[in-house]
Structure formats: structure tokens, C-alpha cells
């Protein structure tokens, strides 16, 4: 009775004939399988290549950290690696020459590696106010912008964020920041993040204001004084870049202006109608900006400007304003110009407007931008709609 209770269902516990011999053969087979498995594991272990340990994380020095691939000595990495998210959400690491170092769905490295959004070299917002040391060239005039050893440009790294949508997009550039401390504070604090802020090279407390602007999500331009018609009787001030100097590739005045600020994506003219009308000055000037990884924004105030044609022919990153928004400074006049800018954008898809950091201008733009968002208009940084032959698609 007890045997029947503990017997597995459907099985007979009565030993078959020849049971002892069958059990001995089974034990022998199990023993031989164990010996074979142990021998194979030992052979595999002896044949396994040696793997170098992953390099410990390094502290940030302003540029992207170097990642050492398995089996490669650290001295072999001559350029900093670029780390970004792939289109599928994984991690891609390439060396300074674009050679893949690692691909995968997860990042096995820890520490200060910066992982960027798909297709972008933009700084993470947490670091947006900090200059990338790999993009700085020391000079007697201060830190000058320059391409990094791995090919990144200030235009890539300091670009402001946008959605990337293909709807109606408007860039608004508010300039003259740094001249009036009150006007600068209002522009930095009141304008939405999509508005680009242009700082005058002759302004004050530029680094402090730049950091606040970048923390608030703004893209930044540098306004450099350029030769107007009637110069020097009509002058934008000291350190004016003249036609003669640019044509001779003498850029001391430009270097002085660029050394006053960091974290900007490009240069915008302050005055400069005579300069923008002369291809002999524009060609070397745009070549110099392109060499340094910057765009040029023509403020659109001169109908005689040749900047667009020269930039297109030379392949220089470029943008031009369609409308000046505050030629008249009353709120109603600024509002009418903003509405006109919207009509241009709806007809063409994009439009650019420029203005100055006056109190009425800043207040009107801030209110209009909030309403425009409800109508499906996106306010984007100027770099998002600039002509850029090097843009990463």
C-alpha cells in the first residue's frame, strides 16, 4: 500500500530485467561526460585572450574625456573621443578621426562621460554656462574660439536647443546686451529661452551675464564693431574691424572683440554697412569665422550688403535678418513688426528678426512669443535655421 502511494503516476516501480548492468552503464556514461566537460572548459580558458581592464573614469577638464578601448594602450588615443547617443538610443563612441570605439545599447563606463542627444554635439544644459576648454585658443586678447582637435565647433557645442520640428519657426535676436545693466537683466530674465541674445563686445560684466543667459537656455552671439559708411567720422567705437584690415587679413580688432566673451555660436555685426558691402573684406572675414567654427549673422539693416552671396559662395555658416523689430520703439510698432515677421515665416517656413534690449522691446517680445506659441509658432535659436554646410544631419 505504501509503495503504491509513493509511486509516480503512470510508472511501474518494478525493476526491469538486467537492472544492475543497465545502472552500471549509465553511471559510466555520466562519468565520461563529466570528464569531457571539464577538459573542454580548461581548453577554452587556456585559449581565451587577455582583456585589458577598463580605464578608470577621469575628471572633466572642459573637453570630452578620452575612453580607452579594450586592448589598446592609453598612449594610442591622441585625440579626445566623442560620445553621443545613437539614433536607436544606444551609445556611440568614436575617436577624433571618427573611428568607432564602442557601440551598444548601454554604456558600461561610469564617471564624467557626457552622453549627448542623437546627432548632436550640444553641451548638456547643466554645463551650458561653462566654456569647453577644447574650444579655446589662448591669446593676448583673451580666450578665442577655435575648433577642437576632434573637429567640434563652438557652433555645434554652444548651440541652443530646439524641437527639430518642421513647423513654422522664427528666430528672434535681441542685441546690445552688456551696455545697459538694467536692459541686460530684463532681457536675460524675461525673454523665453528660444530667443537668441547678442552681447556687445564693448559691454560690461559680459562673462557674468553670459553665464546667466546660458543657464536660462539662451543661445549667445557676439556683436563686433564693423566699419560703417562715413567712418571714422561715423564710428561704432574702438576696436572697429575695417575693410582695409580685413582685406589684409589683419584681425586684431576682431580678436579683441572675440576675446571678451565665450560660449557664443557666432558673430553679429554692430553697424558695419560699409564692411558688409565689400566682398574683398567679407571673404577673408568669413573664412576666419569658418576656420574658428562660428557663424555670421548679418543684422539686415543695409540693403547694400553682399554678405549672403559671399557666404553662400564660400560655404560659410550664415544667417541674415528679415526684419528689424524695433525701428520704432513703441509697443504697438514692435507688435506690428512681430506680426509681419510671423507672416514671413508662415509663407517661407522660417524668418529671423532682430531687436535691441530696450524695456518696451523686451516686454513686447516676451508677451508676443507666449501668444505665438499658442498659434503653433516655435521660437528657435538662430543657429537652428542658419545656412550651415557642415550641419550634421
- Message: Any residue at all in region 121-138 that's part of a strand (DSSP E or B), under 30 Å from residue 344 (Cα atoms) and touching a residue at least 40 places away in the same chain (Cβ under 8 Å)?
- Response: no
- Task: Please enumerate the residues belonging to region 349-360 that are part of a helix (DSSP H, G or I) and closer than 21 Å to residue 386 by Cβ.
- Result: none
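For every residue, the table says whether it meets (1) assigned by TED's automatic domain parsing to the domain that holds residue 282; (2) in contact with a helix residue (DSSP H, G or I) (Cβ under 7 Å, 6 or more places away or on another chain); (3) not in a loop (DSSP other than H, G, I, E, B).
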| position | (1), (2), (3) |
| --- | --- |
| 312 | yes, no, yes |
| 335 | yes, yes, yes |
| 338 | yes, yes, yes |
| 342 | yes, yes, yes |
| 347 | yes, no, yes |
| 362 | yes, yes, yes |
| 369 | yes, no, yes |
| 372 | yes, yes, yes |
| 390 | no, no, no |
- Only one of (1) touching a residue at least 60 places away in the same chain (Cβ under 8 Å); (2) in the same structural domain as residue 319 (by TED's automatic domain parsing) is not met by residue 205, so which one is it? (1)
- Query: If we keep just the residues of region 314-333 that are within 26 Å of the chain's Cα centre (by Cα) and not in a loop (DSSP other than H, G, I, E, B), which is surrounded by the fewest Cβ atoms within 10 Å (Cβ to Cβ)?
  - Reply: 314
- Within region 344-372, residues being within 26 Å of the chain's Cα centre (by Cα) and surrounded by fewer than 16 Cβ atoms within 10 Å (Cβ to Cβ) number 3
- Item | Boolean, residue 193 is under 30 Å from residue 375 (Cβ atoms), outside any helix (DSSP H, G or I) and touching a residue at least 24 places away in the same chain (Cβ under 8 Å) | yes
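The values are calculated or read from the model by the stated rules, or taken from the named source; none is laboratory data. Because the structure is a prediction, the values reported are computed rather than measured. Neighbour counts are summed over all protein chains in view; Cβ atoms, including those assigned to glycine, are modelled from backbone coordinates with ideal geometry.
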